[in-house]
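Notes follow once the structure below has been shown.
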Amino acid sequence: MTVGHIKLNTGALMPEIGLGTWLSEREGLLFETLAEAINLGYRHIDCAKIYGNQQEIGNALARINFPRKELFIVSKIWQNVHRPELVPGALDDILDELQLKYLDLLLIHFPYAQKPDVLTKDPTVDELENVPIMDTWRAMEALVDSGKVRAIGVSNFTRSVLEKMIPQCRIIPAVNQVEIHPYNQSPELVKFCQDNGIAVTGYCPLGGVKINVMNDDFVKRVAEAHQCTPAQVALSWALSRGIAVIPKTTNKLRLKENLKKITLSYDERHAFAQIKTHERKVDPGRDLKELKWVVHEDAECPLI
Ligand SMILES: NC(=O)c1ccc[n+]([C@@H]2O[C@H](COP(=O)([O-])OP(=O)(O)OC[C@H]3O[C@@H](n4cnc5c(N)ncnc54)[C@H](OP(=O)(O)O)[C@@H]3O)[C@@H](O)[C@H]2O)c1
């Protein structure tokens, strides 16, 4: 199946459907999943240091031996390597794990820093550190100059953080990867990014394992009308907004299902805005008020 593309501000084409890999090693099917995904037409693979499975992904990609230039490989640096002097080594580590010479896109995973020895996803306030985002970003810009990454971007960045960053950037982020599904639509953030030449990739496009968008009555009604699945409706709705999606599955049938794009009508697309449930999976400020600004536009970001 052929997958469409989104043109990045670098001129590169990013496949609009990618394969998420968080937790995808659990079933022991990573090689089979990647081999089948590439066979079906997936070219965009979303990785991250924190997922802890990049070595397995690297081994699988080496075995599959598909032409590197036809793949679009993304990874992300974790919060414990935001100090600018740690950024080049963090990229080298990712490239070693994935057995690659370059990445198509490297993202800052979250806009806050943790101390170098803190790997956790739920840091305490004492485990945070004050590294201005622009210091990290300038180190990311230098990676483009080194040729080891083709593009750089961000993840989980709000409009207010980007508004402060953009005037100071030599290289504008190519992508902002954020949580997007019918229960977390983020219309203002998406519009701001797209108006500023920043492509949006939606993670948890199916709601992840906890948010039940595929059981939503409206999503199910649209699926029935199109004789397709709720997953295809959720993905096609994001794609219709010009947002790339990176659904994760290790199930061969679902890999194929998630590649099939449905054409939603104008009315259907606009009716999504009427969905009343609002839930998000990723919210570091839920438990730590010092991080409230990460996803809440009204809280002031201290670290630019
Ligand atoms: N930047 C960030 O901070 C961030 C945060 C979270 C995630 N991500 C990235 O985004 C990717 C996707 O997010 P996610 O994995 O949390 O959630 P997701 O892709 O929205 O949902 C994955 C879940 O849906 C199931 N699934 C997949 N296709 C399905 C289908 N057609 N029908 C029914 N169920 C289906 C999967 O199970 P099976 O595997 O059993 O099919 C899995 O339980 C991640 O893998 C990761 O690469 C990035």
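The values are calculated or read from the model by the stated rules, or taken from the named source; none is laboratory data. Just so you know, these numbers come straight off a predicted model, no measurement behind them. Note: ideal-geometry Cβ built from the backbone for every residue, glycine included; neighbour counts use all protein chains shown. Keep in mind that these areas ignore ligands, DNA and RNA; they rest on the heavy atoms of the full protein, side chains included. Shrake-Rupley method; radii C 1.70, N 1.55, O 1.52, S 1.80 Å.
Please give the strands (runs of 3 or more DSSP E) falling wholly within the stretch 1-45 in which 1 or more residues are of a type in the set (Lys, Arg). The qualifying strands (runs of 3 or more DSSP E) are 5-7.
Take Thr21 and decide whether it is at pLDDT 95 or above and open to solvent by less than 10 Å² (accessible area, probe 1.4 Å). Answer is yes for this residue. Sub-6 Å Cβ pairs linking a first residue in the stretch 128-145 that is over 19 Å from Pro167 (Cβ atoms) to a second residue that is among the small types (Gly, Ala, Ser), at least 6 apart or interchain, are Glu129/Ala113; Val131/Ala113, ordered by first then second residue.
Residues checked against (1) more than 26 Å from Cys204 (Cβ to Cβ); (2) touching a helix residue (DSSP H, G or I) at 6+ places or on another chain (Cβ under 7 Å); (3) surrounded by fewer than 16 Cβ atoms within 10 Å (Cβ to Cβ):
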site: Phe72; (1), (2), (3): no, no, no
site: Trp78; (1), (2), (3): no, yes, no
site: Leu86; (1), (2), (3): yes, no, no
site: Gly153; (1), (2), (3): no, no, no
site: Glu163; (1), (2), (3): no, no, yes
site: Cys169; (1), (2), (3): yes, yes, yes
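Taking the stretch 202-243 as the range and being touching a residue at least 60 places away in the same chain (Cβ under 8 Å), in a helix (DSSP H, G or I) and touching a Pro at 6+ places or on another chain (Cβ under 8 Å) as the test, only Leu235 passes. Filtering the stretch 250-272 to residues that are within 16 Å of the ligand (Cβ to nearest atom) and surrounded by fewer than 19 Cβ atoms within 10 Å (Cβ to Cβ) leaves Asn251, Lys252, Leu253, Arg254, Lys256, Glu257, Lys260, Lys261.
Considering the stretch 52-98 alone, what residues qualify as being charged (D, E, K, R) and in contact with a Gly (Cβ under 7 Å, 6 or more places away or on another chain)? Talk me through it step by step, then tell me what you get.
The initial filter retains those residues of the stretch 52-98 that are charged (D, E, K, R), namely 56, 63, 68-70, 76, 83, 85, 92-93, 96-97.
Of everything in the stretch 52-98, just one residue is charged (D, E, K, R) and in contact with a Gly (Cβ under 7 Å, 6 or more places away or on another chain), namely Glu97.
Applying the set (1) open to solvent by 40 Å² or more (accessible area, probe 1.4 Å); (2) among the hydrophobic types (A, V, I, L, M, F, W, C); (3) in a helix (DSSP H, G or I) to Leu189 leaves exactly one unmet item: (1).
Table: residues versus (1) in a loop (DSSP other than H, G, I, E, B); (2) modelled with pLDDT under 95.
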residue	(1), (2)
Pro88	no, no
Asp92	no, no
Asp96	no, no
Lys101	yes, no
Lys121	yes, yes
Arg138	no, no
Ala142	no, no
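Of the residues in the stretch 147-163, at least one is more than 16 Å from the ligand (Cβ to nearest atom), within 19 Å of Glu300 (Cβ to Cβ) and among the small types (Gly, Ala, Ser). Being hydrophobic (A, V, I, L, M, F, W, C) and either open to solvent by 40 Å² or more (accessible area, probe 1.4 Å) or within 16 Å of the ligand (Cβ to nearest atom) (or both): is that true of Leu128 here? Criteria not met by Leu128. Screening Arg280, Arg241 for residues that are away from the ligand (no atom under 14 Å from the Cβ), under 17 Å from the mean Cα position of the chain (by Cα) and under 18 Å from Gly202 (Cβ atoms) leaves exactly one candidate, Arg241.
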